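One structure is given below, encoded as structure tokens.
The values are calculated or read from the model by the stated rules, or taken from the named source; none is laboratory data. Keep in mind the model is a prediction, meaning the values are calculated, not measured. Every residue, glycine among them, receives a Cβ derived from its backbone with ideal geometry; neighbour counts consider all protein chains shown.
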Amino acid sequence: MDEKAIIKIQSIFRMYLAKKNNIFYTLRNTKVKENFEKELKGYHITNSTALKEASWEIVNCNIVEEYVNITDASNGNHLSGKDNKFNNWNISNKTCKIKKGMVSLSSYRLTGVCSIKDHGITKTITAEIKRRDASFDYYSILLREEYQNYIEYRWYIVPKDYFIFKINPSDLTPKHGKKGVVGWKSDYASITFSMSSQLWFNFKIDLINKYLIHKVVVYNGAKKIKYSEIYDHLSSSKSLLLHNSI
């Protein structure tokens with residue numbers, strides 16, 4: 001084999017590895033898109049309420065399980081930080097309703113480093129945020145806009161070190177209220193002592209447009225199917241009966 005052929009093979013192999021290790025390339029394919037649409041529409045066959053919180057963790061895994069190795073599932077326990085691991089990517093799941101083009105994502109409770117009794121110092125607060133962030137690499141965010149009978153869902157994968165999520169000690173300034181200092185704030189984040197010192201990220205949706213993975217509009221006006229009806233419909237299946245036998 002000549003040198004040019006070897007170089008070409010090496011180039012192809014490097015490109016393959018680069019794509020394999022790229023979360024955006026892995027998830028932005030037509031099959032994942034189809035799974036995303038089917039899962040969201042399937043969810044609303046039985047549910048009229050929007051897909052949120054722990055349910056998104058489960059559905060997110062269902063969407064990608066054919067294309068990534070899933071480990072470290074949190075099963076909705078909502079401990080701080082990582083919820084799942086897709087291949088070598090540690091994932092933190094978030095959901096939120098879009099309001100007038102704005103997004104507000106809840107994060108950690110920081111009562112251990114700041115509160116109404118002890119306001120804390122910015123260096124300690126940001127160090128605690130960084131410590132907890134060490135458990136994951138990306139946010140898997142499901143945003144939604146709700147209409148009369150429709151819900152539009154948008155799925156984003158955003159790096160945790162994207163600028164809207166990075167907080168330096170110099171970024172935080174005291175938030176004042178009628179009783180003095182009531183929390184901390186920065187350009188894209190806020191901490192309110194009366195809300196268990198929970199950290200919130202607030203930003204315009206336009207700032208994460210480039211991280212959009214897939215979106216779907218779901219009709220939510222149809223009558224929902226009961227779980228018992230699903231069971232009755234499938235009860236003739238021998239595998240279902242064996243699965244539910246005691």
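Descriptive notes on the structure:
- Looking only at the range 108-140, residues that are within 13 Å of the chain's Cα centre (by Cα) and of a type outside the set (D, E, K, R) come to 4 in all.
- Restricted to the range 163-227, the set of strands (runs of 3 or more DSSP E) holding at least 2 residues that are polar (S, T, N, Q) and touching a residue at least 12 places away in the same chain (Cβ under 8 Å) comprises 189-192, 198-204.
- The residues on offer are I151, I129, and the sole one that is crowded, with 16+ Cβ neighbours inside 10 Å, in contact (Cβ under 8 Å) with a residue 12 or more places away in the chain, of a type in the set (A, V, I, L, M) and assigned to a helix (DSSP H, G or I) is I129.
- The set of residues in the range 163-196 being surrounded by 17 or more Cβ atoms within 10 Å (Cβ to Cβ) and of a type in the set (A, V, I, L, M, F, W, C) consists of I164, F165, I167, L172, V182, W184, A189, I191, F193.
- Scope the range 94-120; condition in a loop (DSSP other than H, G, I, E, B) and either in contact with a Leu (Cβ under 9 Å, 6 or more places away or on another chain) or on the phi > 0 side of the Ramachandran plot (or both); matching residues: I98, K100, G101, L110, G120
- Checked against the criterion of being hydrophobic (A, V, I, L, M, F, W, C), closer than 15 Å to F201 by Cα and more than 18 Å from the chain's Cα centre (by Cα), the candidates L172, L105, L143 yield just one match: L172.
- The residues of the range 223-237 that are touching a helix residue (DSSP H, G or I) at 6+ places or on another chain (Cβ under 8 Å), under 28 Å from E146 (Cβ atoms) and not β-branched (V, I, T), listed by number, are K224, K226, Y227.
- Residue count, the range 52-74 (criterion: farther than 23 Å from I129 by Cα and either in a strand (DSSP E or B) or modelled with pLDDT under 85 (or both)): 2
- Condition check for L199: touching a Ser or Thr at 6+ places or on another chain (Cβ under 6 Å), surrounded by 19 or more Cβ atoms within 10 Å (Cβ to Cβ) and either more than 24 Å from T122 (Cβ to Cβ) or of a type outside the set (F, W, Y) (or both): yes
- Checking each residue in the range 23-57 for being farther than 25 Å from K210 by Cβ and crowded, with 18+ Cβ neighbours inside 10 Å picks out Y43, H44.
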